[in-house]
Amino acid sequence: MAKFNAFGKEKGWIELICGPMFAGKSEELLRRLKRLEYADVSYIVFKPIVDTRSKKEIKSRDGRSSYAIEFEHPYQILDYVKKNIVLPQVVAIDEAQFADTSIVDVCEALADSGVIVYVAALDRDFKNEPFMVTAKISCYAEHITKLSAVCTECGAPGTISLRLINGMPAHFDSPVVQIGNQESYTVRCRHHHKVPGKVYDLPIKEFKTSYKKSIKK
Ligand SMILES: [Zn+2]
């Protein structure tokens, strides 16, 4: 009978690190990579190109960094990995939410082939809508670390990124990715996250409105 071991002798699995901005996802990814260096484990880091001005590195807010290969299409990860005679033991992907959804199949193919895959990704956008890439990877991942930040309004776990334009919460119709604009981000808990212009189905809207009224009484 096989001994119980969450990550048995068979190599190859997916570890997802997800959460909002300011939760330390890149820090956690870099921490895991640093551990590999001590053990002489080979790894390659990738990230999608979202901004032509971006540097070929992943960076944590506390100043640590690692070289990262940028890709336009996720299949380029497979092309790059194939060039190596020996497969890397670990492939890390940062900012995976910005990649094409085919990254899910790429992660699966790597894990099935014996590679340990670390994926760091935002789970939801500023509208509180899931990033489909992250949602799908969470279905396939063997291990999920969901990090939270701190709500800048009340100090509760901050789980949703809030986009501010001129200091005000961004409207629902503003585009998800807008590089180079005068905007800022913060993080809020579910009770302090606002999305002006977000439309809910009537039963949801009515319930939320009437329940708020009833607890005030
Ligand atoms: Zn709050």
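Bear in mind these aren't lab numbers, they're just calculated from the coordinates by the rules spelled out. Predicted model, so just to flag it, every value in this text is computed and none were measured. Here the Cβ is made from the backbone with ideal geometry for all residues, glycine too, and neighbour counts use every protein chain on show.
Figures for the structure shown
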item: Computed lengthening from Y200 to K82, 0.36 nm per intervening residue step minus Cα-Cα distance; result: 37.8 nm
item: Dipole magnitude of the stretch 13-148, debye to nearest 20 (Cβ charges: Lys/Arg +1, Asp/Glu -1, about Cα centre); result: 440
item: Partnerless Cys - the chain, beta-carbon criterion under 4.7 Å; result: C18, C107, C139, C154
item: T145 long-range amide H proximity, modeled H, under 5 Å; result: L16, I17, C18
item: Beta bridges by DSSP in the chain, antiparallel share as percent, to the nearest 5; result: 40
item: Amide H contacts of D125 (H built 1.01 Å from N, under 5 Å, at least 5 apart or other chain); result: F131
item: HN-Hα J in Hz across the stretch 106-119 - Karplus 6.51, -1.76, 1.60, θ = phi - 60°, x for Gly and Pro; result: 5, 4, 4, 4, 5, 5, 4, 8, x, 8, 8, 10, 9, 10
item: Links that overshoot a 25 Å alpha carbon limit, given the list K146/K208; K47/K136; K25/K198; result: K146/K208; K25/K198
item: Amide H within-cut-off set for A68, under 5 Å, with H built and near neighbours excluded; result: E57, I58
